[in-house]
């Protein structure tokens, strides 16, 4: 229980020295107050828990109806009332006989109406009086009074010393009490009147009403001062003892006791707020653990970590880390699986509905389902879908998950450089988190989802580690059954997860990582396939996305073909979807603005909405000029055709290369020229021409970087055509690499290159004989108009590619020999 020697809450108005209503009483004020004449009859205001002393200003709250009427009547008149304390504070409406016989004349200084409906009155005591006889009891008490004179006596040295002791002791009490405002000391220090000082201290010291009433009834000032000194001495001793006890207890309390006390307070606060206390949290974790279907080693590890949490101080930083770790263990789907749907015909229908084409990929998925249906515990293979952007590699994963009835999770690997993104952080680090593999499994809520590792060819590495190396364990069917995450600190079984990786190119994938995956090429689409994809998927998707109905817009096959051929040039269908979206938005604008339009979009409407055609349908430029050969190239967005141009000019046999060629293509030109020099006679070329004519090889467009190992045959054909001035066959293209012996080597990206050749209206294609197997994998319907020539030697390429006739205006190739001109 707090002990306050002084209670200054009633004296706060007096403490303010600058108060305009009630400044401190001076000796002159006291003398003037004592000389005032006392009325014979006074209205009497009973006080329940306060004793008013002369000169003291206090606020009182008036709630009784009688008292309110008394205050209002007095406030309209002389504003003087008699204030007397009750003998029994428990009586609500005291009678005259239940009042003390000594009271104080009070002056009403101010009356305030409070917001709660009560009336607060600020009064100042004037002088003491005796109650004699009751005059009236209704509506409030009135009584006759007579003065109560104070006996001051002589102020000798002893009395002055006593008063000084009272003042000093009061100041000491104020300094030792933290709850007493420092302004109280200022008030006591500025009091001049000895009588008012005794009254002020008597009014505010920590004493019960009977003691204060006793002080009020003592007429002799010296006697009253002596009694006040006794009260103050006792209060000061009690205060000093209290401070000593508190200091001793504060010193004896060690850190553990202090933490326990604070924790108990925190627990109480959390219970009041309805939050979870540490004990409730631990019990909640234990109950959740009882419902998990995990192995014994996982259960033992969890219980061990839970006991560790119970021993941890909730205020410690490790407490929240441990809570997060245990919640992760509970959230992970240990031995929780979704049931696979082994209806293979249904799976085939879903795959065919969601994706047009991609027969090889869909066949592989059906094979996987068939084996899983028969064996039930086959380890999931790691498939890697490789192909240009926009061919549906990522969306294929959703269809697989739908066909299997499994959860679908996608993790984008593009730009990841931190190994901790895969394996997680040690949980001792600040801000530690599990790796994204574990986070994705937690999000899926099952241990056998279809997990898409998107853009695996774009994983980087830096000083924080090599994420590709961290993926080696994830993507190895022989190892991922015991995948170790640094944060989890326990092996997690990933062998039931069906991982499907996607990539645009295999060249940037780490060889060890590439070896762990089954590569499935997802090549580009033909024009016919793109039209079907647009009809079945893209147009309905864009129509729904723009709030249109089937009757509002329709695109026929010939219109879609125009969009595909004139406005897109890609292996996938991403740009095609954007163009269809533009067409649908054009129709939506007409509908919204109530403009006339054709619901069946025509080719003219396409040009009006999309503008003039971006690409020419026939990129083939003809071979009227010697040295120009059409080659086939693979790019990140699919196949394309390019032209190799070779020209001769009089000089000293220098070779110039332009067109932003890479090192591999430069080497192809060098090899082709070296082979041509060594076998010039086989092509009816005078060897001396190589020393007297400069060769310039250019590959448009010059600003586009080009590189790759598939331009060797094209380079050699262009050089032979330039040196012999023989034209290349029309509508012919080629691809392949060569050696110094003239052997033709196989190259990759055949399907993309063939599709690009067909888009460019190429009719004949020269390939290495080893690439014949790639042609067999392409549907016959897509290549029925193409004629393929399979070769193994460069002489066969020249024989197939060049016409026997020369161009109409050949270059005059001459060789200077001993002042004679020999015409080749």
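Quick one: how many residues across the stretch 75-88 are loosely packed, with under 14 Cβ neighbours inside 10 Å and assigned to a loop (DSSP other than H, G, I, E, B)?
3
Being within 30 Å of residue 573 (Cα to Cα) and surrounded by fewer than 17 Cβ atoms within 10 Å (Cβ to Cβ) is the requirement here; does residue 346 meet it?
So residue 346 passes the test.
Name every residue in the stretch 317-336 that is under 14 Å from residue 446 (Cβ atoms) and within 29 Å of the chain's Cα centre (by Cα), in order of residue number.
Selection gives 331, 332, 333, 334, 336.
Go through the residues of the stretch 236-251 one by one and say whether even a single one is at pLDDT below 80, outside any helix (DSSP H, G or I) and outside the structural domain of residue 322 (by TED's automatic domain parsing).
Checked against the condition, which is being at pLDDT below 80, outside any helix (DSSP H, G or I) and outside the structural domain of residue 322 (by TED's automatic domain parsing), the stretch 236-251 yields no hits at all.
Just wondering, is there one or more residues in the stretch 305-321 that are at pLDDT 85 or above, farther than 22 Å from residue 492 by Cβ and in a helix (DSSP H, G or I)?
Within the stretch 305-321, one or more residues are at pLDDT 85 or above, farther than 22 Å from residue 492 by Cβ and in a helix (DSSP H, G or I).
Counting only residues that are out of contact with any strand residue (DSSP E or B) (no Cβ under 9 Å at 6 or more places or on another chain), within 16 Å of residue 556 (Cβ to Cβ) and touching a residue at least 24 places away in the same chain (Cβ under 8 Å), how many does the stretch 587-604 have?
Residues in the stretch 587-604 being out of contact with any strand residue (DSSP E or B) (no Cβ under 9 Å at 6 or more places or on another chain), within 16 Å of residue 556 (Cβ to Cβ) and touching a residue at least 24 places away in the same chain (Cβ under 8 Å): 2 in total.
Test residue 495 against the stated conditions and say whether it is more than 24 Å from residue 391 (Cα to Cα), in contact with a helix residue (DSSP H, G or I) (Cβ under 9 Å, 6 or more places away or on another chain) and free of Cβ contacts under 8 Å to residues at least 60 places away in the same chain.
No; evaluated as a whole, the condition is false for this residue.
Report whether or not residue 350 is in a helix (DSSP H, G or I) and closer than 29 Å to residue 498 by Cα.
Yes, satisfied.
If you go through the stretch 482-489 one residue at a time, do you hit one that is part of a helix (DSSP H, G or I) and either within 30 Å of residue 339 (Cβ to Cβ) or in the same structural domain as residue 412 (by TED's automatic domain parsing) (or both)?
yes
Just to be sure I understand the filter: pairs with C-beta atoms under 6 Å, separated by 6 or more residues or on different chains, first member in the stretch 318-330 and in contact (Cβ under 8 Å) with a residue 60 or more places away in the chain, second member assigned to a helix (DSSP H, G or I). Which pairs pass?
329/302
Taking only the stretch 405-416 into account, find how many residues are in contact with a helix residue (DSSP H, G or I) (Cβ under 7 Å, 6 or more places away or on another chain) and either in a helix (DSSP H, G or I) or more than 13 Å from residue 499 (Cβ to Cβ) (or both).
Total meeting the criteria: 4.
Is it the case that residue 391 is part of a loop (DSSP other than H, G, I, E, B) and within 33 Å of the chain's Cα centre (by Cα)?
So residue 391 fits the description; yes.
Just checking, does the stretch 57-67 include any residue being closer than 22 Å to residue 218 by Cβ, modelled with pLDDT of 85 or more, assigned by TED's automatic domain parsing to the domain that holds residue 208 and surrounded by 15 or more Cβ atoms within 10 Å (Cβ to Cβ)?
Checking the stretch 57-67: at least one residue is closer than 22 Å to residue 218 by Cβ, modelled with pLDDT of 85 or more, assigned by TED's automatic domain parsing to the domain that holds residue 208 and surrounded by 15 or more Cβ atoms within 10 Å (Cβ to Cβ).
In this structure, does residue 362 turn out to be surrounded by fewer than 16 Cβ atoms within 10 Å (Cβ to Cβ) and either in contact (Cβ under 8 Å) with a residue 60 or more places away in the chain or in a helix (DSSP H, G or I) (or both)?
no
So that you can scan it fast, the table gives a plain yes or no per residue for (1) closer than 30 Å to residue 474 by Cα; (2) loosely packed, with under 15 Cβ neighbours inside 10 Å:
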{"position": "516", "(1), (2)": "yes, no"}
{"position": "520", "(1), (2)": "yes, no"}
{"position": "529", "(1), (2)": "no, no"}
{"position": "556", "(1), (2)": "no, yes"}
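Would you mind stating whether residue 396 is closer than 29 Å to residue 349 by Cβ and in contact with a helix residue (DSSP H, G or I) (Cβ under 9 Å, 6 or more places away or on another chain)?
The answer is yes for residue 396.
Mind counting the residues in the stretch 369-386 that are touching a residue at least 40 places away in the same chain (Cβ under 8 Å) and either more than 39 Å from the chain's Cα centre (by Cα) or more than 30 Å from residue 302 (Cα to Cα) (or both)?
Here the count works out to 6.
The values are calculated or read from the model by the stated rules, or taken from the named source; none is laboratory data. Keep in mind that this is a model prediction, so the values were computed, not measured. Cβ atoms come from the backbone with ideal geometry, glycine included; neighbour counts cover every protein chain shown.
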